Amino acid sequence: MSVLALEGFRRTWAVNSWFWEFVEQCWFLARVTSLPVLLVSLPLGATVALQVGDLAWQLGASSATGGAVVVGLVREVAPMASALLIAGAGGSAMTSDIGARNIRDELAAMEVMAVNPIHRLVTPRLWAASTVAVLLVPLVIVAGAAGGYFFNVIVQGVTPGAYFDGATSLLVTSDLLVTLLKAWIFGFIAAIMSCHYGMTCQTSPVGVGRAVNRSTVTTFLLVFAVNYVITMIYFLAYPPRTL
């Protein structure tokens, strides 16, 4: 997998050979993940606001609910949600596509024609998954904040100013930058795992199905592990602010 990733990056500078494949993959990933990420983020933000708001109301700190919801969305939920949808919706399609090419010997045919299948197929998918994962982050934040706003402000009666004031007092610019970096790394992980399992699957329809399952599960495990490492390093370098 490491060799595949390095080889995929090696010809990144030759944009003219993979640009249109990159555009096509970006459009496909955006099409299959945009609506699901909104549908996931809205109830997620609402549920967090409902649970945190109820506890904060009992403690007399209802105005802190908005900060808890938005900070959680920005720091953790947004990159994780985008990565899991990229892996589940887009990554499985990548694995099945490349796996189907593999069992039809299209990859071997490309090598016979002196076309490197990694440069032609893997490189644009790496950049497309990373790019779309970063672009999904604002959707998750906005949708989750809207869901939290509904339950915290409309249902529980907290003022809109108090809802957003807690978030702006806790968030810093580095939080958003690290979130975007996480999303880029997670998208890259999803793409490289999908391409690896697709190119190394057994040459049968059953092998393609098993490759899709393995790539999705392994991506989820790697994303959670890498997220823990990045978050731990970030909190050690920049301790979180308090109200």
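Could you check residue 160 against (1) at pLDDT 90 or above; (2) touching a helix residue (DSSP H, G or I) at 6+ places or on another chain (Cβ under 7 Å); (3) surrounded by fewer than 24 Cβ atoms within 10 Å (Cβ to Cβ) and say which number it fails? That leaves (1) as the condition not met.
Being of a type in the set (Gly, Ala, Ser) and open to solvent by less than 80 Å² (accessible area, probe 1.4 Å) is the filter here; which residues of segment 1-32 pass it? Once the filter is applied, which keeps residues that are of a type in the set (Gly, Ala, Ser) and open to solvent by less than 80 Å² (accessible area, probe 1.4 Å), segment 1-32 yields 5, 8, 14, 17, 30.
Of the residues screened, residue 48 is not one that is touching a helix residue (DSSP H, G or I) at 6+ places or on another chain (Cβ under 6 Å), part of a helix (DSSP H, G or I), open to solvent by less than 50 Å² (accessible area, probe 1.4 Å) and modelled with pLDDT under 85.
Check 155, 140 and return the single one that is open to solvent by less than 60 Å² (accessible area, probe 1.4 Å), among the hydrophobic types (A, V, I, L, M, F, W, C) and within 26 Å of residue 52 (Cβ to Cβ).
Values: 155 fails: open to solvent by less than 60 Å² (accessible area, probe 1.4 Å).
The match here is 140.
In the set (1) more than 24 Å from residue 225 (Cβ to Cβ); (2) buried (at least 16 other Cβ atoms within 10 Å of the Cβ); (3) not hydrophobic (A, V, I, L, M, F, W, C), residue 125 fails one condition alone, (1).
Can you tell me how many residues within segment 73-90 are open to solvent by less than 30 Å² (accessible area, probe 1.4 Å) and either out of contact with any Phe, Trp or Tyr (no Cβ under 9 Å at 6 or more places or on another chain) or at positive phi (or both)? Talk me through it step by step, then tell me what you get.
Quick first cut of segment 73-90, residues open to solvent by less than 30 Å² (accessible area, probe 1.4 Å) only: 73-74, 78-83, 86-87, 90.
Going one step further and asking which of them are either out of contact with any Phe, Trp or Tyr (no Cβ under 9 Å at 6 or more places or on another chain) or at positive phi (or both), we end up with 73-74, 78, 81.
Final tally of qualifying residues: 4.
Every listed requirement among (1) crowded, with 18+ Cβ neighbours inside 10 Å; (2) over 15 Å from residue 227 (Cβ atoms); (3) out of contact with any Asp or Glu (no Cβ under 8 Å at 6 or more places or on another chain); (4) not charged (D, E, K, R) is met by residue 118 save one, (3).
Rundown of residues vs (1) open to solvent by 50 Å² or more (accessible area, probe 1.4 Å); (2) of a type outside the set (Gly, Ala, Ser); (3) more than 18 Å from the chain's Cα centre (by Cα), yes/no style:
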{"residue": "189", "(1), (2), (3)": "no, yes, no"}
{"residue": "194", "(1), (2), (3)": "no, no, no"}
{"residue": "202", "(1), (2), (3)": "yes, yes, yes"}
{"residue": "218", "(1), (2), (3)": "no, yes, no"}
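Taking first residues from segment 216-231 that are touching a residue at least 40 places away in the same chain (Cβ under 8 Å) and partners that are in a helix (DSSP H, G or I) and surrounded by fewer than 17 Cβ atoms within 10 Å (Cβ to Cβ), the Cβ contacts under 8 Å between residues at least 6 apart in sequence or on separate chains come to 227/76; 230/181; 231/76.
The values are calculated or read from the model by the stated rules, or taken from the named source; none is laboratory data. Since the structure is predicted, the reported quantities are computational estimates derived from the model, not experimental observations. All Cβ positions, even for glycine, are placed from backbone atoms using ideal geometry, and neighbour counts span all protein chains on display. SASA here: full protein model, heavy atoms, side chains in, ligands and nucleic acids out. Shrake-Rupley method; radii C 1.70, N 1.55, O 1.52, S 1.80 Å.
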